[in-house]
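Every number here is computed from the coordinates shown, using simple stated rules; none is lab data. What you see is a predicted model, and the numbers here were worked out from it, not measured in a lab. Here the Cβ is made from the backbone with ideal geometry for all residues, glycine too, and neighbour counts use every protein chain on show.
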Amino acid sequence: MLRWLAAAAAGLAVASLLLPLHATAQQATDVPAQLKQVRAVLADAKADAKKLLAALDRANQALDQAENELADADQLRLDAHARGVRASAALADATERVDRLRRILGDRARGIYIAGDPAGLAALVQSGKADQLLGQVAILDHLAKESSNSLADLVVAQQDYALARTAFREAELDGRRAAAVISRKIDQAVELRDLRVQAKDALDDKIRRLEGEAGVLRVTLQQRLQRQAGQVRAGGKCDLSGTSDAEYFIIMKESGGDPTADNPRSTAFGLGQLLLDGRRHYLGANYDTIDCGLQLQAFRGYVRDRYGTAENARSFWLSHGWY
């Protein structure tokens, strides 16, 4: 059951990765259609992510159950070990009792031999020596009773020995079975975790790639719409087609888009008319560069650090005539 749930969750994510990301490569010029399709695939991927999370919830429940079963199996192993310890102790005790009783019976046998044989007893009866005869009979009777009791104890000890041996073997078997169960449960739990992580990572990776592609298409579509609306970033020596409205406004007001624009009354220079200290801060040794890309990068860094957004910088410029 655990493996089925995990495989289903992993299969859901992996199958979603097979969806085409660039199915409209032949329609590269149809950006709106591309964006629409990528959004649809992204929506499907996010829906699959929800299904995966639901499947993972069920898998987690199964994992919790497996962990509970692991605890039960471990307790079974501990119980079996305890029974083995008790069986070992009982076995040692029974062995000691058997050895002791065997020694006692041996001593009794030697005593009877020393006391005499039946022929000697017959001679005592014929001699008429009643006192000696009664003493000998009493001794033999006592020995017979003790021997009978010792034999009974020996039988009990042997039975205990057999039971202890059986209990010990059962304890060993229970321990091995419990260890096997624990091993299988651990393997299943590890496999479930690995498959869950694999499926989640695969689907998250696809969603990230889809979101990145959708972002690129949105920017491309925005630029196309701007060009169609006549908002072409022109009028200067640099390609400002990738700038926002606020960025383009400030640059055109400050330098007219000329990376060599120089203010004779200050150290302001370039697209954003950054002062010398600012250019050194953002450009380092290239503070006097006329490279459009580097100047635009420095301009954006200055705007970000001072105003947060280009829109805020434009609002300040509109209020003060500078930024």
*For LYS46, which aspartates and glutamates qualify as cross-link partners when the Cα separation must be under 17 Å and same-chain residues fewer than eight apart are set aside?*
ASP57, ASP201, ASP204, ASP205, GLU211, GLU213
*Other-chain or far-sequence residues with amide H under 5 Å of LEU274's (modelled H)*: PHE269
*Taking 7 Å along the Cα-to-C-beta vector as the label spot, tell me the ARG58-ARG176 distance in nanometres, rounded to one decimal.*
3.8 nm
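Quick check of the Kirkwood formula: for the range 270-323, what is the inverse mean of 1/r over all pairs of different Cα atoms, in Å?
Details: mean 1/r = 0.0883 Å⁻¹.
The answer is 11.3 Å.
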